[in-house]
1. Per residue of A:146-152, how many C-beta atoms from partner chains lie within 10 Å of its own C-beta, taken as a mean?
2. Put a point 7 Å out from Cα along the line to Cβ at B:SER355; what are the distances to that point in the other copies, in nm, shortest first?
3. From other protein chains only, count the Cβ atoms within 10 Å of every residue's Cβ in A:257-263, then give the mean.
4. How much of the DSSP bridge set in the protein assembly as shown is antiparallel, in percent, rounded to the nearest 5?
5. Over chain B, what is the relative contact order in percent, taking alpha-carbon pairs closer than 8 angstrom and at least six residues apart?
6. With each run of n ≥ 4 DSSP H residues scored as -39500 (n - 2.57), what mean residue ellipticity at 222 nm is computed for the protein assembly as shown after dividing by its residue count and rounding to the nearest 500 deg cm²/dmol?
7. Whose amide H sits under 5 Å from the amide H of A:THR196, counting only residues 5 or more places off or on another chain, with H placed in the peptide plane?
8. Amide H to amide H, which residues 5 or more places from A:LEU5 or on other chains are under 5 Å from it, using H placed in the peptide plane?
There are 2 protein chains.
Amino acid sequence: MIEPLKLGVIGLGRAFTLMLPTFTADPRIQLTAASDPRADARERFAHEFNAKSFEDAEALCADPDLSAVYIASPHQFHVAHVKLAAKYGKHALVEKPMALSVAECQEMIAAAREANITLLVGHSHSFDLPYLRARAMIRSGAYGHVRMINALNFTDFLYRPRRPEELDTSQGGGVVFSQAAHQVDIVRLLAQAKATSIRAFTGNWDAARSTEGAYSAQIKFADGSFASLTYSGYAHFDTDEFMGWWGELGQGRDGEASYGRARQNLLKASSVTEEIALKNARAYGTSGSDAFRIDGEIAHNHFGLVVASCEHADLRPLPHGVMVYGDKARHLDELPAPKIPRAEVVDELYAAAISGTPPLHSGEWGLATLEICLAILEAAKTGQEVELNNQV
Amino acid sequence: MIEPLKLGVIGLGRAFTLMLPTFTADPRIQLTAASDPRADARERFAHEFNAKSFEDAEALCADPDLSAVYIASPHQFHVAHVKLAAKYGKHALVEKPMALSVAECQEMIAAAREANITLLVGHSHSFDLPYLRARAMIRSGAYGHVRMINALNFTDFLYRPRRPEELDTSQGGGVVFSQAAHQVDIVRLLAQAKATSIRAFTGNWDAARSTEGAYSAQIKFADGSFASLTYSGYAHFDTDEFMGWWGELGQGRDGEASYGRARQNLLKASSVTEEIALKNARAYGTSGSDAFRIDGEIAHNHFGLVVASCEHADLRPLPHGVMVYGDKARHLDELPAPKIPRAEVVDELYAAAISGTPPLHSGEWGLATLEICLAILEAAKTGQEVELNNQV
């Protein structure tokens, strides 16, 4: 018998919908309460999970039934909501990006430490099992040292429906906060040394949606290795083509039928209000769709092309395992298809909350990733290499 | 009736073998003479083409029958051989890399100008038709401005048989001189502005073959666009997997059967002498194989994954055309399979020599590419961004 973790959810938006298949399928989680400003989302949640709902995040955190909260509110509220969780002694799983500044991350870490709660940052794609497996392979030493990492992801991120703040960098908008947080996390996970500096370009190419929609960054590591990270959220080419048309969420995709869909769909919105309505149609609520539910066979989540070049092998995480291109032969180190998507998040959260196991994706981990995201923005703005001081 | 260009060849090594299928199949070329220090190569050439042969490059250049010379000698001799061609009034097609320093390139350009001969640099893969087609599409304006270019090529370059100087950077060895010369050329071809600066890492990961075997470089352009270029010659993963297993030379490949072949083959050589013998077995000579001959169907040459991201399309040159990923639809802009591989080189050489048409791949073009290659080496060594001053 598993004692489920009683979880409260702050924010029933898009991030929550992406974690919902996990929370509903994993017996280690009991969805116990939620808070959201949208009444229809609260009502649906209360009804669907026979659970409590609150308009206010503090009221949720104060609920003595809960032992942990999942903070999936917009980025700019993460710091306040983690502090609320700490105030009421609840473990906190906070979505990426952890916050909008290094100082905010430090406040969150301090608040968690003082309250003796566990702080985890995620889901990010560095939780995905194929990346964790590749990390374990690298750490085994079987393939020699990692020398270079390449990560390339082309998506239509910028043309999905957005709230205005998602297109405003000062409020945590743009692909550096939202998407580099994944890619940097994965690269850090595979590297064998601390990152020491960042060089980067960012692209802001659509005046109607003015924020960073693309970037190209180089990371230097203390052991002399380096990484190249490229992301385009303006893309027409889709790197899922290199992943056998398995999507980011582990869903099977029809590359032909889905071509250009985001741009076409966005044409339906002729105002900010209409675009927010489109966005909410992908969120959770009585008027929202069930489009986030994953039917049929699933594969592991992924974040595009990643190749870690070791002395004696290139390792390429894929939706069904890790392709090991060795000196003499190549083989797929196969991973069983997941029964529950993103169960790795619950693995860490549950172990931390129930057994006190320190999580990999700790506050310090999240801060280190955010520092690199901020360095990408600064390096691109100033044209200078940016040194890092908060890596773990 | 086509008046063929009477061509002399300086250096019957590997580069020559890669151009041989072109020269023998293209009626615009008559292989008239060759020079090489290896007697067996000279004998085979004289016999196979009923042509003259010389031990000495100057004697070849002095031959009044020739109107042009193809300089495929080791990199460090390019400057001397171009000067010889100029001295005797022969047009010069010089292999990449053009030379080992900017000053050498300037000497070559000056010598050609004074002698009123045409100087071309190539073959480089920027001659390949799919890249030229992508350039034309970009210049048409149909897809908006190029914002970002990504190029990624993973090969076993460093484990192919090498002469010692090919593994000595000071003599033009390593992948920056030999391979960046291709990748930089392609990226420059697709960009719509001059490159202004370079940031780079290089990898020198095998003490037994100590030279740059990998690099990751960022190019900044004057119009605010940027490019990311990655090459690994230590690779186990092979980017031909993304090209439908069509190889760099347009040959069909069996990815399974050829896996790991370079590293395995190199195990046969236990000394420098034995490795040179392996190398010569791939060159031209009576003891050399015919392995360079391409049988069966061919596709266009390529240099790995290249994606040019324009405002309204991502363009991806492929062995059979250019994949156009547009706003609404994607399609392959198909190019007929080549009848003669690398005929584009003869197009430029013939037009320049016969009609005086200024070549795209001029001395100034080659200098600009070499400047970037040298900047990659300098940027990696110093850790500093390197400004460019010789771009065209």
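1. Going residue by residue through A:146-152 and averaging, the value is 5.
2. Computed spacing set for this position: 7.5 nm.
3. Rounded to a whole number, the mean comes out at 2.
4. Close to 60 percent.
5. With pairs under 8 Å counted, the relative contact order is 21 percent.
6. -9500 deg cm²/dmol
7. A:LYS220, A:PHE221, A:ALA222
8. Close amide H contacts, sequence-distant or interchain: A:ILE29, A:GLN30.
Where a number appears in this text, it was derived from the coordinates with a stated rule and is not lab data. Remember, predicted model here, so these are calculated numbers, not experimental data. Here the Cβ is made from the backbone with ideal geometry for all residues, glycine too, and neighbour counts use every protein chain on show.
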